[in-house]
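Below is one structure, written out as structure tokens; comments come after it.
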Amino acid sequence: MNRFDDLFANGVTLTLKKEEALVLFELLADIKEEAVIPIRDRAERTAIWNLAALFESKLAEPFMQDYAAIIQEAKSRLALDLLPGTEQASQ
């Protein structure tokens with residue numbers, strides 16, 4: 001038995017807004033396909049691929065005909081979250 005076995009015994013659950021999930025899925029797809037950031041080792045590559053696969057298994061939107069419009073709307077909504085004083089800014 002390894003001293004880290006208990007530490008890595010459980011998964012991690014995250015809650016994301018739909019917009020965040022869609023934008024992250026798109027980013028991960030770009031990273032996988034275009035190597036837009038340096039991937040230093042096999043573990044990082046595996047983590048990226050596994051995370052992208054999890055998003056893919058949960059999101060129907062990337063397979064919808066109007067996905068380009070959906071992702072643009074998701075990005076617009078997230079961008080508003082960063083602007084203080086906007087009506088739609090997160091609290």
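FYI, it's all coordinate maths here, none of it is from the lab. Note that this is a predicted model, so its numbers are computed, not measured. Cβ atoms come from the backbone with ideal geometry, glycine included; neighbour counts cover every protein chain shown.
Place a +1 charge on the Cβ of each Lys and Arg in the range 18-81 and a -1 charge on the Cβ of each Asp and Glu, then give the dipole magnitude about the Cα centre in debye, rounded to the nearest 20.
Using Cβ point charges on Lys, Arg, Asp and Glu, the range 18-81 gives about 220 debye.
Grab the DSSP H runs of the chain that are 4 residues or longer, score each as -39,500 (n - 2.57), total them, divide by all residues and round the 222 nm result to the nearest 500 deg cm²/dmol.
It comes out at -18000 deg cm²/dmol, rounded to the nearest 500.
I need the trypsin sites (Lys or Arg not before Pro) found in the range 1-56, filtered to DSSP loop residues with at most 12 other beta carbons within 10 Å of theirs.
Arg3, Arg40
Check the straight Cα-Cα distances from Lys17 and name the lysines below 20 Å, setting aside those fewer than 8 residues away within the same chain.
Qualifying lysines at Cα under 20 Å: Lys58, Lys75.
Want the number for Asp81 to Tyr67: 0.36 nm per residue separation, take away the alpha-carbon distance, what's left?
Separation in residues times 0.36 nm, less the Cα-Cα distance, equals 2.9 nm.
Loop sites only, by DSSP: take the chymotrypsin sites (Phe, Trp or Tyr not before Pro) in the chain that have at most 15 other C-beta atoms within 10 Å and name the longest stretch containing none of them. Walk me through the numbers on the way to the answer.
Details: sites that count: Phe4, Phe8.
With a cap of 15 other Cβ atoms within 10 Å, the longest stretch comes to 9-91.
Classify the range 6-67 from the C-alpha gyration tensor, please: rounded if a/c falls under 1.5, else prolate or oblate depending on whether a/b exceeds b/c.
oblate
Of the residues Glu20, Glu56, Glu44, which exhibits the maximal mean-square fluctuation in a Gaussian network model of the chain defined by a 10 Å Cα contact cut-off?
Comparing Glu20, Glu56, Glu44 in the GNM, the peak value goes to Glu44.
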